[in-house]
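For reference, the structure discussed in these notes is given below.
Just so it is clear, none of the values below were taken in a lab; they were calculated from the coordinates. Since the structure is predicted, the reported quantities are computational estimates derived from the model, not experimental observations. Note that each Cβ is placed from the backbone with ideal geometry, even for glycine, and that neighbours are counted across all protein chains shown.
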Amino acid sequence: MRLFVALCLPETLRSRLCGLCAGLPGARWVAPENLHLTLRFIGEVDGREAEDIDAALSGVRFPRFPLTLAGVGEFADGRRLRSIWVGVENNEMLERLQVKVEHAVQRAGRPPEQRKFKPHITLARFKSHPGGRLQDYFAEHALFRGPPFEVTDFTLYSSFLAHEGAIYSPEAVYPLD
Ligand code: 2AM
């Protein structure tokens, strides 16, 4: 199975984010129930590895903390637009939690993540570029700021790639102190 560790977002916040999910031709918008903030992508594992990862994540001790989503941005490979996302206000606690999760996943035997952690919530992925509409979109939503919310847990998700798109299922939830 294909695993990743993420923060689940409160329902009210996901509804707010849905307001950002319109107005770009060529966008494949993420379904509201799939909006999440990834802490660590793990990838394909077998049942034994999944158990080790679950055990390591169960050992993470970390306090609850507040988080605020803000701003919008894009990921591109050269000139090819890959995705647009909502960012996070500077948050040292989030960075520290991510490091703890990264270490736990490594203790479970996975190789270190090479990419720098860039917290984001993907809103849409693209097969074709929306052209000039993208600048309008960024101008319209540049000042987006969500209501602060408390992070009370993190989740190990499995991802199943179906025809209609990815289906994410929470496999385990790890409460913060
Ligand atoms: P994305 O939202 O930026 O695409 C489930 O697929 C989650 O894991 C998504 O949040 C996705 O990030 C992330 N993800 C998928 N493949 C990845 C990879 N190879 N490296 C890092 N993160 C990945």
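Miscellaneous remarks
- The slack between residue 114 and residue 75, meaning 0.36 nm per residue of separation minus the straight C-alpha distance, is 12.4 nm.
- Here the calculated FRET efficiency for residue 140 and residue 177, from their Cβ-Cβ distance with R0 = 35 Å, stands at 0.35, rounded to the nearest 0.05.
- Contour minus Cα-Cα distance for residue 22 and residue 166 (0.36 nm per residue): 49.9 nm
- All Cα-Cα separations within segment 135-177 were binned at 10 Å from zero, giving a P(r) of 21, 22, 31, 25, 0, each value a whole percent of the pairs.
- Each peptide in 169-175, 103-109 receives the mean, over its residues, of other Cβ atoms within 10 Å, and ordering these scores from highest gives 103-109, 169-175.
- Förster-model FRET efficiency, 30 Å R0, residue 96 and residue 127, C-beta, rounded to 0.05: 0.25
- Furthest towards positive pole of dipole, 152, 120, 167, structure part segment 98-177, Cβ charges: 120
- Of interest is the spacing of the C-alpha centroids, which for segment 11-54 and segment 115-177 amounts to 5 Å.
- One way to sum up the overall shape of segment 2-175 is the equivalent ellipsoid from its Cα gyration tensor, whose semi-axes run 28, 19, 15 Å, largest first.
- The mean sequence separation of alpha-carbon pairs under 8 Å and at least six residues apart, normalised by the residue count of the chain, gives a relative contact order of 35 percent.
- GNM flexibility winner over the chain from 121, 53, 167 (Cα, springs under 10 Å): 167
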